[in-house]
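Everything on this sheet refers to the single structure shown next.
The values are calculated or read from the model by the stated rules, or taken from the named source; none is laboratory data. This is a predicted model, so every value here is computed, not measured. Please note: Cβ atoms are built from the backbone with ideal geometry, for glycine as well, and neighbour counts cover all protein chains shown. For accessibility, only protein heavy atoms count, side chains too; no ligands or nucleic acids. Shrake-Rupley method; radii C 1.70, N 1.55, O 1.52, S 1.80 Å.
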Amino acid sequence: MSDQNIRLSISGMTCAGCVASVEKAINQVPGVTTAAVNFAEHTANITGDVTAQALVTAVKSAGYDAAELTSSEADQIAEKEQLDLVNYKQSMRQSLAAALVGFPLMLADILGFLPGLETMVDRGIWFLIGLLTLTVMVYAGRRYYTGAWKALLIHNANMDTLIALGTGAAWVFSIVVIIFTQWLPPSVQHVYFEAAAVILSLINLGSALESKARGNTSQAIKRLIGLQPKTARVVRDGKELDVPIAGVGLQETLRVRPGEKIPVDGQVIEGTSSIDESMLTGEPMPVEKKKGDAVVAGSINKTGSFLFISTRIGKDTALAQIIGLVRNAQASKPAIGKLVDKVASVFVPTVLILAVITFLVWLNYGPSPSFSYALVTTMTVLIIACPCALGLATPISIMVGVGKAAESGILIRNGDALQQAGKLTTIVLDKTGTVTEGRPSVTNVMALPHSSDDECLSLSASIEVASEHPLGIAIVEAAKQRALTLHEISHFNAITGQGVSATINQQQVLLGNIKLMQQHKIDISTLAQEAKLRAREAKTPVYLAVNGKATGVITIADPIKKDSRDAVARIKKAGLKVILLTGDNSVTAQAVADAVGIDQVYAEVLPGEKADHVRALQKQGEIVGMVGDGINDAPALATADVGFAIGTGTDIAIESADITLMRGSLNSVVDAIQISRATVRNIKQNLFGAFIYNTLGIPIAAGVLYPVIGLLLNPMIAGAAMAMSSVTVVMNANRLRFLKTTQSVKGEIS
């Protein structure tokens, strides 16, 4: 069995400490390669040579519950929404039940309506109140008590442990006071039933509000899934049939009518149309499609009706791959998140130690009644210290940030790339297809006297007919436009970074750049003036030599993208250096750089040398982002701190890049940096809030202010503060959904 991806739904996780426990249990299963547990989604993504059953067993042995997610993405979203709704309603019911007991008791205590503990009747009434409170605690807090018990069985401690100890101690102490009143000093004769009930009410209310707010974090995935139609119109045996999307096979003929969504990836075989691909690329302008052009699932047919052949279906479509990429990125952890998980894993045990110290200090040095003070402060420390907000701080922001990027046509592979993009100091740009359109066309053909322009173009196109290189495609297209006859070739050889060679009609033909000519000692002095002249116009010269003699030069222009100059200006405004790194000749490269405002240029660089240039910049202390087409720039993309691959909307699985820019615009680089900075800033805000809350909350709960100003924190206020801290973190993360990028703002990075 080979490595596979398995996704589990995890239940029973209540804090960041749980994340560490679950990840540890999964990583101990033989065959696991990677494991990422997402506390915000309560899921785990695992890769490795392992079975789902083995993983589920490991998670259950750690005290949690798990099930494999095997349904479709749409069904998973629906299931999650249904589960969130069920949790929300259940938490609200539990909160209400606890509130109906706790708050009347608290009000009655304030107004002096409750009985004392002097008589058997009074204690009997209190005992009934205790039983009522216990019933409510079992109903409203059962998951916390069972979670604490499971954690204890595996010698662990988590948020459930703190809640169970805090509320359980309040109830047990109150029962002891009722039963053994006569043996206890008057100073400690006080019951805390209302505290236990109110704390559980507030914690459940916070859990409900958090579940409600957390639902918005999956909006990006939900919108992507909603792009795919449920049915497709298939042409079978000359008849058009509407079939479920799962029933579409490979190489089937499908019809798409105006206004319909394209169901699977394919290639147009009949008809023309205008397609809205903004769902993939972020570009609002429709794209014209004709016979032979590719179409992608989820895009919308705007005008004509056409037929196409399905080439990719199911999980292989571009849309399905995008959904998977976004899902994996949302589940991944940046460095800051991994650090938080380590801190959280030791946080609860540390709190338990602090709670014991608090109890002992108040018991031995506190004022009378010292035991009551010790109990109240210890209970308050346990309740306020729950690290829910700490566990949510990173994953919730990552989920929203990655989703926001996807909506802007930016696909981020992992959390580290998202975090690192905001730290970049230098952006290195490839030229062809990055700064320029990448769709060059022949502008001039100049043959030497012993040949002709048509012959030069015919020989060149014959060699390049099978090429996928943009310059080769331009030459072939020019030959087609002139209706030239192409020749049979043999002994074809592609020379990386230089050009190609082949034998045509027993003649040795070379086609490429100046390096190729120099390599074969071809005298091109008679063509130099023409090449130099065209190069100043940002046109690339391609030299042709036959049997060791220069024959002609073809110049090719690749138009600069309309928004490249503005994008370069935005990158500079963000405080980053911009460098052009290209295999093209220096004159052409400089002309392009001047046109878009780039000051530093490295030209005539081979693909392998691009990576060396990136490494050299890194040695100088620069944090480098490389932007390229993801193919000939692969080594440089992999070497850079963050690799940005220019995507086309259909080929998104570019393994060498960290971020894929579906729109093909350099403005997307700035958008990615903007989203990165905003997300990291949001994470830091969440972590600051969570750490400050615990750092300040625990000492105040322990009573450090009591000797100074007589302030002692009520356990019920601590419960409310703990619950609302998580809600605040989730709401703060959701602010990222309203971040404005290029489409709405032409301004600077905030």
When you scan the range 450-551 for helices (runs of 4 or more DSSP H) that lie fully inside it, which ones turn up with 2 or more residues that are hydroxyl-bearing (Ser, Thr, Tyr), more than 25 Å from ALA591 (Cα to Cα) and open to solvent by 30 Å² or more (accessible area, probe 1.4 Å)?
none
Take the range 538-556 and flag every residue that is among the polar types (S, T, N, Q) and out of contact with any Asp or Glu (no Cβ under 7 Å at 6 or more places or on another chain).
ASN547, THR551, THR555
Search result, residues across the range 502-535 that are under 19 Å from ILE556 (Cα atoms) and without any contact (Cβ under 8 Å) to a residue 12 or more places away in the chain:
ALA528, GLN529, LEU533
Of the candidates GLY719, GLY703, GLY710, GLY689, the one satisfying the condition of being touching a residue at least 40 places away in the same chain (Cβ under 8 Å) and open to solvent by 10 Å² or more (accessible area, probe 1.4 Å) is GLY689
The correct count of residues that are over 25 Å from ASN204 (Cα atoms) and either in a helix (DSSP H, G or I) or at pLDDT 75 or above (or both) in the range 167-190 is 12
Which listed residue is modelled with pLDDT under 85, buried (at least 22 other Cβ atoms within 10 Å of the Cβ) and farther than 21 Å from ILE623 by Cα, from GLY415, GLY438, GLY433:
GLY433
Of the criteria (1) modelled with pLDDT under 85; (2) surrounded by fewer than 22 Cβ atoms within 10 Å (Cβ to Cβ), which one VAL234 fails:
(1)
Please determine, by comparing only the residues of the range 552-561 that are within 41 Å of the chain's Cα centre (by Cα) and closer than 16 Å to LEU457 by Cα, which one is least open to solvent (accessible area, probe 1.4 Å).
ILE556
Pairing a residue in the range 621-642 that is under 13 Å from VAL669 (Cβ atoms) and open to solvent by less than 10 Å² (accessible area, probe 1.4 Å) with any residue that is modelled with pLDDT of 80 or more and of a type in the set (Ser, Thr, Tyr), where Cβ atoms lie under 8 Å and the two sit 6 or more apart in sequence or on different chains, gives VAL624/THR425; VAL624/THR426; GLY625/THR426; MET626/THR639; VAL627/THR434; GLY628/THR434
I need a count of the residues in the range 151-166 that are in a helix (DSSP H, G or I) and out of contact with any helix residue (DSSP H, G or I) (no Cβ under 8 Å at 6 or more places or on another chain).
1
Search the range 141-169 for residues that are open to solvent by less than 20 Å² (accessible area, probe 1.4 Å) and pair each with any residue that is assigned to a helix (DSSP H, G or I) and polar (S, T, N, Q) when their beta-carbon atoms are under 7 Å apart and the residues are at least 6 apart or on different chains.
GLY141/THR167; ALA148/THR161; ALA151/THR161
Kindly establish whether ASP599 is more than 22 Å from PRO470 (Cα to Cα), in contact with a helix residue (DSSP H, G or I) (Cβ under 8 Å, 6 or more places away or on another chain) and buried (at least 17 other Cβ atoms within 10 Å of the Cβ).
no
Would you be able to tell me the number of residues in the range 288-322 that are assigned to a strand (DSSP E or B) and in contact with a Leu (Cβ under 9 Å, 6 or more places away or on another chain)?
7
Can you say whether ARG615 is charged (D, E, K, R), part of a helix (DSSP H, G or I) and either open to solvent by less than 50 Å² (accessible area, probe 1.4 Å) or modelled with pLDDT under 90 (or both), as far as the supplied structure shows?
no
